[in-house]
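The structure appears right after this line, and notes come after that.
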Amino acid sequence: MNKLRGFLFTGVYYLLSAIYVIVSLPFLILPWRGPVTLIIRSYTRAINLALWLICGVRKEVRGREHMPEGAFIIAAKHASWGDGFMVYPEVRNLAFVTGDHLERFPLVGGILRKLGAIVIDTCGGGHRKAASLAEGMARAKEGGRRVLIYPEGHLAPVGYHFRYKPGVWHMQEAMDVPIVPVATNLNCFWQQEEIEKTPGKAVIEFLEPIPAGLPKAEAMARLTEVIEARSAELIAEATGEAVVPTKLLPDPKKGTIGHPDESRAEVA
């Protein structure tokens, strides 16, 4: 039954995606991003509603009080294809970091540019990748944007995590703003890119901000610790089992999904 619901949700997901892309098109010619932003916020809310109505996965948001005024960086746990849909409608004036692979989808590139997404050039080598990130950060800082990034860079299986990449610290150093960590247990109900969905209460929780100015090693260790510790607690809450620290997995090969490998995993 869960897999059947998952297939039904997937069909609705693609249908909604096509509808909202088409609805967005006339507004791409406008000089401001407000209308497209409202449309995409509506789209993410529609996805959340469909996930609840079809698959029984209900979202709960905690820790909104930890989001400061003005610009900041959101560093979120990355474990499900649905992560972005959960976070996006909860944060106003949000930009997000993404690879340029999304621009290959018809019409999506125009929408990303209109939303002010920070699109990383992943094909132009390390220099061009760094330059595209720096350019995006400058625009975000100038506009007082909140920037969403997933420091792991890969979708982690339940109970595991990947190494948190220091790019988030370099972003913080460039913008001189706090980092707001986000923990979640969504992967207990929608794991990685799986079709099957399991009913339950999926929590996303905004945690206490990490201030700017910390040394890189300290900031990255703190970020990893708070996100993984709280995500482990949320997983235990979802499963009814004891809290088990997440384990570190080596990064998967490019274009592949990481899977549990007890022989290579390390306790966080």
Between VAL244 and LEU30, 0.36 nm times their residue separation minus their Cα-Cα distance comes to what?
72.0 nm
List, in the order given, every pair from LYS59/LYS247; LYS59/LYS253; LYS77/LYS197 whose Cα-Cα distance in the structure shown is over 27 Å.
LYS59/LYS253
Would you mind calculating the gained length between THR10 and ASP176 on full extension (0.36 nm times residue separation, minus the Cα-Cα distance), in nm to one decimal?
55.8 nm
Ranked output for segments 153-164, 16-27 by mean other Cβ atoms within 10 Å, highest leading, reads 153-164, 16-27
Net +/- balance of residues flanking ALA183 in space, Cβ distance below 12 Å, scoring K and R +1, D and E -1
-4
In square angstrom, what is the accessible area per residue of segment 133-262 with a 1.4 angstrom probe?
45
Treating the beta-carbon of each Lys and Arg as +1 and of each Asp and Glu as -1, no other charges, what is the dipole magnitude of segment 173-215 about its Cα centre, to the nearest 20 debye?
200
What FRET efficiency would be calculated for the residue pair LEU53, GLU194, taking the C-beta separation as r and a Förster radius of 25 Å, to the nearest 0.05?
0.85
Report, to the nearest whole %, how much of the accessible area of segment 181-268 belongs to carbon and sulfur atoms, 1.4 Å probe, protein only.
53
Checking segment 201-247 for GluC sites (Glu not before Pro) in a loop per DSSP with at most 10 other beta-carbon atoms within 10 Å yields GLU241
Taking 8 Å as the Cα distance limit and 6 or more residues as the minimum spacing, I'd like the relative contact order of segment 186-256 as a percentage.
24
Can you give the FRET efficiency for ILE257 and VAL61, using 1/(1 + (r/R0)^6), R0 = 25 Å, r = Cβ-Cβ distance, to the nearest 0.05?
0.40
So what J values fall out for segment 86-91 if you push phi through Karplus, 6.51 cos²θ - 1.76 cosθ + 1.60 with θ = phi - 60°, rounded to Hz, Gly and Pro as x?
6, 7, 3, x, 8, 10
For a quick check of understanding: with a 1.4 angstrom probe and all protein chains in place, what accessible area in square angstrom does LYS247 have, to the nearest ten?
60
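The values are calculated or read from the model by the stated rules, or taken from the named source; none is laboratory data. Just so you know, these numbers come straight off a predicted model, no measurement behind them. Using ideal geometry, Cβ is built from the backbone for each residue, glycine included, and neighbour counts are taken over all protein chains shown. What goes into the accessible areas is simple: the full protein's heavy atoms, side chains included, and nothing from ligands, DNA or RNA. Shrake-Rupley method; radii C 1.70, N 1.55, O 1.52, S 1.80 Å.
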